[in-house]
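S.K.: Please find one structure pasted underneath; my questions will follow.
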Amino acid sequence: MYHQQEHGDAPKPVAQSDGVGVSVNLGHHDARQSQRCSECILPAEYPGIEYDESGQCNYCRRWKRKWDSLDFAKQAAQLEGILGAYRGKLYPYDCLIGLSGGKDSVYAAYILKKHNMRPLACTFDNGFLTETALHNISSTVNALGIGHVVVHAPPGDLHRLYRHCVLTAGEFCSVYNVGIRSALYRMAKCYGIKLVVTGQSNRTEASSPKEYFTCSSGYFQNVGGTVASKKELAGFMYMSQFKRALWHLRRTVVYLQLPSYVPWKEEEFKEELARNVDWRGSVGEQHADCRMSDAKEYLKLKHFGVTELTAKLSSLVRDRQLSREDALVRIQQQVDHLQENEASIREQIRKEFDLSESQLDEAIRASHIPYISKADTFLSNLKNLQEVLRYRKQK
Ligand SMILES: [Zn+2]
């Protein structure tokens, strides 16, 4: 996933008051966000955002250009063509899929079974899986009758890396983001699987600027490299960015994003999953599958004044799954929740990562940006340029 900035038409930000006072006052600052995109809900604090004269943001414009005229009948035929090329070619699995117990990964496994595929599901145990996640994983595997592997990292290594990342860069999610991808490539190699399928796509997920999300192995190497040896990091990074790019270029492994081919209507498929695989979620909770979800959002709010839920809901608004007003209500509820529970969330972070109060404050002041790799910056610029050129051609 890439951050996309537009260079062709650099408009001036336009203040948009939506009248909803999402007031964030978690102790040291008040990030009242009244300037938001007139179409989605992304606020001016979101990295890389630019508004045009009508108040629409660059992430909305990019989304519309790429996805608004998607023909799902055409996409379905294309999907069947891709899956058909891998179906029944290998034994015992046709493809690989990450399974976290969250709705997207479970739905992706469900769709694959509907297409008569034999997926191998792979779970990366990040040490934070909830009872709900464990239930969802085992009920999905049993209901669909699919193979399953769980990759456990040594708990000591996990703890050390989490603690180091949070203290140094103010975040801890990169350990999981890099770990699950590494586990998938390792399993693909191990079983000779050539197709990796995911329930995430930049059609349905938040735009992911590298200044906000930490999912690159280059970044992780820069942060983790100061506390762990190359050998230790290798457990989380099965392959380098370069080798991964080479695999994709040579089509050693094909990476398929299902939401780019089939409608991905959350409210509808959550009910379908509850009926068919006994999937369970939590109302109002973004990630029922991770017990550190509030902690992550608390740190995001402190660092950026924008939670990941805000970014995720903006993509649902663009896809017309959610009204702008409902999204704003949900964000307000989340901010209220984080504010009311600030003391217990801080205690959870301190206990989990073995931090003192002052170390937690140090983590809140820390930034991941100095650790962004040169390769990420290069790839991101290349992608931006490619998109701008394609857009000009279309015009
Ligand atoms: Zn927007």
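Since every read-out is calculated from the coordinates, none of them should be taken as a lab result. Nothing here was measured: the structure is a model prediction, and the numbers come from that model. No Cβ is skipped: glycine too gets one built from the backbone with ideal geometry, and neighbour counts run over all protein chains shown.
S.K.: Using a 10 Å cut-off on Cβ atoms, rank the peptides 185-194, 100-109 from the highest mean neighbour count down.
M.R.: Packing proxy ranking, top to bottom: 100-109, 185-194.
S.K.: Among the aspartates and glutamates, select those whose C-alpha is under 14 Å from the C-alpha of Lys374, and discard any that sit fewer than 8 residues away in the same chain.
M.R.: Glu211
S.K.: Another question, then. In a shell of Cβ-Cβ distance under 13 Å around Tyr219, excluding Tyr219 itself, what net charge do Lys and Arg (+1) and Asp and Glu (-1) give?
M.R.: 0
S.K.: Hey, if you put +1 on the Cβ of every Lys and Arg and -1 on every Asp and Glu Cβ in the range 241-395, which of Phe304, Leu256, Ala288 ends up farthest toward the positive end of that dipole?
M.R.: Leu256
S.K.: Going 7 Å from the Cα of Asp157 along its beta-carbon direction, which residues of the range 238-270 have the amide nitrogen within less than 20 Å of the resulting point?
M.R.: Within reach of a label on Asp157: 238-244.
S.K.: Also: Going by how many other Cβ atoms sit within 10 Å of their own, how do Trp247, Trp264 line up, fewest first?
M.R.: Trp247, Trp264
S.K.: Once the other residues with Cβ under 14 Å from the Cβ of Ala375 are scored (Lys, Arg +1; Asp, Glu -1), what is the net sum?
M.R.: +4
S.K.: Here's a follow-up. Which whole-Hz ³J(HN,Hα) couplings does the range 218-229 yield from phi under the Karplus relation 6.51 cos²θ - 1.76 cosθ + 1.60, θ = phi - 60°, glycine and proline marked x?
M.R.: Once θ is set to phi - 60°, the couplings for the range 218-229 become x, 4, 4, 5, 5, 7, x, x, 8, 10, 10, 6 Hz.
S.K.: By a straight-distance test (C-alpha under 19 Å), which aspartates and glutamates pair with Lys74 as possible cross-link partners, with residues fewer than eight away in the same chain excluded?
M.R.: Within the straight-line limit of under 19 Å, Lys74 reaches these aspartates and glutamates: Asp319.
S.K.: Between Phe213, Phe242, Phe124, which gets the highest mean-square fluctuation from a Gaussian network model of the chain, Cα cutoff 10 Å?
M.R.: Phe242
S.K.: Take peptides 113-122, 62-71 and line them up by average Cβ neighbours within 10 Å, highest first, as a rough protection proxy.
M.R.: 113-122, 62-71
S.K.: Right, another one. Taking 1 over the mean of 1/r across every pair of different Cα atoms in the range 28-105, what Kirkwood radius in Å do you get?
M.R.: 16.8 Å
S.K.: To continue, here is another question. Helix-only mean residue ellipticity at 222 nm, the chain, DSSP H runs n ≥ 4 weighted -39,500 (n - 2.57), per residue, nearest 500. What is it?
M.R.: It comes out at -16000 deg cm²/dmol, rounded to the nearest 500.
S.K.: Name the residues whose placed amide hydrogens come within less than 5 Å of the amide hydrogen of Leu195, ignoring near sequence neighbours (fewer than 5 apart) on the same chain.
M.R.: Those lying under 5 Å, H to H, from Leu195 are Leu96, Val254.
S.K.: Can you compute the charge dipole magnitude of the chain about its Cα centre, using +1 on each Lys and Arg Cβ and -1 on each Asp and Glu Cβ, nothing else charged? Give it in debye, rounded to the nearest 20.
M.R.: 2100 debye
S.K.: Work out from phi, with θ = phi - 60° and the Karplus expression 6.51 cos²θ - 1.76 cosθ + 1.60, the ³J(HN,Hα) of each residue of the range 341-358, listed in order in whole Hz, and give x for Gly and Pro.
M.R.: Using θ = phi - 60°, the values come out as 9, 3, 4, 6, 5, 4, 5, 4, 5, 4, 5, 4, 9, 6, 10, 7, 4, 6 Hz.
S.K.: Same structure again: Taking amide H positions as placed 1.01 Å from N in the peptide plane, with prolines and chain starts having none, which residues 5 or more places from His148, or on another chain, fall under 5 Å of its amide H?
M.R.: Ala121
S.K.: Could you calculate the contour length gain from Lys243 to Ala73, that is, 0.36 nm times the residue separation minus the distance between their Cα atoms, to one decimal place in nm?
M.R.: Gain on stretching Lys243 to Ala73: 57.7 nm.
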